[in-house]
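The values are calculated or read from the model by the stated rules, or taken from the named source; none is laboratory data. All values reported here derive from a predicted model rather than from experimental measurement. No Cβ is skipped: glycine too gets one built from the backbone with ideal geometry, and neighbour counts run over all protein chains shown.
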Amino acid sequence: MTFYQFSLLPNEAQLATVHAVGNYLARRWDDVHQAVMLYQMPGGFFVELNYDVDQNKVTHLFAFEAGTENDRLEDYAMFVKLPDWLSNTD
């Protein structure tokens, strides 16, 4: 599925597609009650699911492609943990 095909789906179908075929990559926090989960889709694009922990539901999702003006991958960089042995290499 391409980014364009995904964007044409209704919201409910987009959410179902993310859960069915998306590859969970990371989570960050927008605020105390809003978790944002990053998924990579088979077509090479990414989807963020915004989850309200108080309401116990996904409030919205945002699809984007890497390298575009909407690229949000940098928001997750600070949460990436590299193995300790990597710091010992040149």
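Just a yes or no: is a residue in segment 59-76 free of Cβ contacts under 8 Å to residues at least 24 places away in the same chain, farther than 15 Å from Tyr4 by Cβ, among the hydroxyl-bearing types (Ser, Thr, Tyr) and surrounded by 15 or more Cβ atoms within 10 Å (Cβ to Cβ)? Within segment 59-76, not a single residue is free of Cβ contacts under 8 Å to residues at least 24 places away in the same chain, farther than 15 Å from Tyr4 by Cβ, among the hydroxyl-bearing types (Ser, Thr, Tyr) and surrounded by 15 or more Cβ atoms within 10 Å (Cβ to Cβ). The criterion of being of a type in the set (Ser, Thr, Tyr), on the phi < 0 side of the Ramachandran plot and in contact with a helix residue (DSSP H, G or I) (Cβ under 6 Å, 6 or more places away or on another chain) does not hold for Tyr76. Name the residue that is surrounded by the most Cβ atoms within 10 Å (Cβ to Cβ), counting only residues in segment 1-36 that are without any contact (Cβ under 8 Å) to a residue 40 or more places away in the chain and in contact with an Asp or Glu (Cβ under 7 Å, 6 or more places away or on another chain). Across segment 1-36, the extreme among qualifying residues is Val36.
Being part of a helix (DSSP H, G or I) and either in contact with a Gly (Cβ under 9 Å, 6 or more places away or on another chain) or at pLDDT below 90 (or both) narrows it down to one of Asp30, Asp75, Asp71, Asp90, so name that one. Quick ask: steps written out before the conclusion?
On the way: Asp30 fails: part of a helix (DSSP H, G or I); Asp71 fails: part of a helix (DSSP H, G or I); Asp90 fails: part of a helix (DSSP H, G or I).
Answer to the selection: Asp75.
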